[in-house]
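Participant: Have a look at this one before I ask anything.
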Amino acid sequence: KKTLHIVGGGMAGAEAAWQAAQAGVDVVIHEMRPKVETFAHRTGNLAEMVCSNSFRSDDDEQNAVGLLHWEMRAAGGLIMAMADRHRLPAGGALAVDRDVFSQAVTDTLHALPNVTVSHEEITDLPTDGHWIIATGPLTSDALGQAIADETGAERLAFFDAIAPIVYADTIDMSVAWEQSRYDKGETEAEQKAYINCPMTRDQYEAFIDALLAADKTEFHEGETAKYFDGCLPIEVMAERGRETLRHGPMKPIGLTNAHDPDTKAYAVVQLRRDNALGTLYNIVGFQTKMKYGAQTAVFKMIPGLQNASFARLGGIHRNTFINSPTLLDAQMRLKSRPNIRFAGQITGVEGYVESSAMGLLAGRMAAAEILGRPMPEVPQDTAMGALIHHITGGAEAKTFQPMNVNFGLFRPLDGLKGGRKGRKDRYKAYTDRAKAAWSEWLGNGALDAA
Ligand code: FAD
């Protein structure tokens, strides 16, 4: 039997392995951790979440990432199954207990008789056999160099940012209170999934002054300061205008101070639960490249966090991705070496969900090829299809940058109102269309489980 080799057991590699194994293919995952570490991963587990513990919105009618969740669930995806099993209350978001989640993915894959995990770094591009490279944003230097040698394309780098994590018992709950914005969520736990810290105008102004004055980590020479979309460092937001944060992560709307319901806060800092025990909270949207000493001083200015201790401070990091529109074919194969597929963030998608989604497709495509089964084209009107079409051809190659799934990638629908007014109807129509197309594709023997 032919074996599928997957380099990297992250979000994409784990999902690809699961999909191929379910189809009956033998799989070897080559994962360098824990022998070789990255600066962001902490364990040797598969599918480790390196930053936020959230898979973002779970709304499959009005949100493109929620639709991607739906499509992955419909395809029997492992990442979604384990996320659902270890879900934490987080309003409309799909947040999980990160350690239990990745342990569950690891255990599930280890338990499969046709999956082997080999802990080793792969440093060269393999010349024969069936391979998927899913080494992610922190692809090791040696393999990155080998890819650059093969593709001739310049390796591109930009920065993401880690939000700090606070020990819950060090938050002053006589100042802070529990509430999800607009009390979102079905259960009381969900409606109280966030901890909120209120600021007066004076406190906000002093906080902005401190942010602007704080010591920051400088960029290395030759690095371009491009950030993970929706993940801008707070000091960069503050530099754009003193009010920017008040309209972004510190917006006070949809929240009522339980200790003082009649006074409207000028700004609110939100913390989201980071583990099942409820012992850790991350400060939502507070990615930063401030130096550690400065971070502690500045974050302790937040009312309620004056005595906070930090389980982890924020940081900045690199991202590696290839120019997929020029390098990959529609089946995610490297045109110059079709025995190699790419999957995950290295293909130029961005985020846990998008990366797992591309792993799901690559795993199915590789399995179909090995088993000699046809693989009908992924319908473009699905979230999966919108993404894969974007990276393998839809995107402008010259200015190619990593992409989150969004309705802007979807083909327009005729006869629907444009603009803000029709947005709700439009999104619903997009998701209805996508679900029908995805179900049909799955039912078409796109890859029957063996
Ligand atoms: P990964 O999950 O990183 O998996 C790649 C795997 O390959 C790793 O396990 C690595 O050890 C292994 N590997 C690398 N090189 C080799 C080699 N040569 N041989 C063998 N194994 C190798 N996304 C979000 O959705 N939300 C966030 O908040 C967020 N924050 C981020 C913060 C940081 C610091 C970084 C770096 C990324 C962040 N991202 C975030 C992006 C997120 O990490 C990725 O989208 C997702 O993990 C990508 O999945 P992947 O499988 O492509 O890569």
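The values are calculated or read from the model by the stated rules, or taken from the named source; none is laboratory data. None of these values were measured; they are calculated from a predicted model. Cβ sites come from the backbone with ideal geometry, for glycine too, and all protein chains shown count toward neighbours. Side chains included, ligands, DNA and RNA excluded: accessible areas come from the protein's heavy atoms. Shrake-Rupley method; radii C 1.70, N 1.55, O 1.52, S 1.80 Å.
Participant: Let a ≥ b ≥ c be the square roots of the eigenvalues of the Cα gyration tensor of the range 1-158; is it rounded (a/c under 1.5), or, if not, prolate (a/b larger than b/c) or oblate?
Facilitator: The shape class here is prolate.
Participant: For the chain, what's the relative contact order in percent, using C-alpha pairs closer than 8 Å and at least 6 residues apart?
Facilitator: Computed value for the chain: 22 percent relative contact order.
Participant: If you plug each phi of the range 326-332 into the Karplus form 6.51 cos²θ - 1.76 cosθ + 1.60 with θ = phi - 60°, what whole-Hz ³J(HN,Hα) values come out, in order, with x for Gly and Pro?
Facilitator: Ordered by residue, 3J(HN,Hα) equals 9, 9, 9, 8, 5, 9, 6 Hz.
Participant: Taking a ≥ b ≥ c as the square roots of the Cα gyration tensor eigenvalues, with a/c under 1.5 meaning rounded and otherwise prolate when a/b beats b/c, else oblate, which class fits the range 30-93?
Facilitator: Taking the square roots of the gyration eigenvalues as a ≥ b ≥ c, the range 30-93 is prolate.
Participant: I would also like to ask the following. At a probe radius of 1.4 Å, what is the per-residue accessible area of R181, in Å² to the nearest 10?
Facilitator: Solvent-accessible area, nearest 10 Å²: 40 Å².
Participant: Summarise the accessible area of the chain (1.4 Å probe, protein heavy atoms) by the percent that is carbon and sulfur.
Facilitator: After summing per-atom areas, the C and S share lands at 50 percent.
Participant: Another question, if that's okay. Label the chain by shape, choosing from rounded, prolate and oblate, from the square roots a ≥ b ≥ c of the eigenvalues of the Cα gyration tensor; if a/c is under 1.5 it is rounded, and otherwise prolate applies when a/b is larger than b/c, oblate when it is not.
Facilitator: Verdict is prolate for the chain.
Participant: Let me ask something additional. Quote the charge dipole size of the range 231-355 about the Cα centre in Debye, to the nearest 20; the model charges only the Cβ of Lys and Arg (+1) and of Asp and Glu (-1).
Facilitator: Here the size comes out at about 400 debye.
Participant: With the contact rule set at Cα under 8 Å and sequence spacing of 6 or more, what percent relative contact order holds for the range 240-289?
Facilitator: Reported as a whole number, the value is 28 percent.
Participant: Nearest 5 is fine: what % of DSSP beta bridges in the range 1-126 come out antiparallel, could you say?
Facilitator: 30 percent
Participant: Of L413, L138, which has the most accessible area and how do the rest follow, probe 1.4 Å?
Facilitator: From most exposed to least exposed: L413, L138.
Participant: Only Lys, Arg, Asp and Glu count, each charged at its Cβ (+1, +1, -1, -1), so figure out the dipole size of the chain about its Cα centre, rounded to 20 debye.
Facilitator: Taking the Cα centre of the chain as origin, the dipole is about 780 debye.
Participant: Counting heavy atoms of the protein chains only and a 1.4 Å probe, report the per residue accessible area for the chain as a whole number of Å².
Facilitator: Spelled out: the 1.4 Å probe surface of the chain, per residue, equals 41 Å².
Participant: Which order do you get for R242, R312, R85 if you rank them by accessible area with a 1.4 Å probe, largest at the top?
Facilitator: Output order, biggest surface exposure first: R85, R242, R312.
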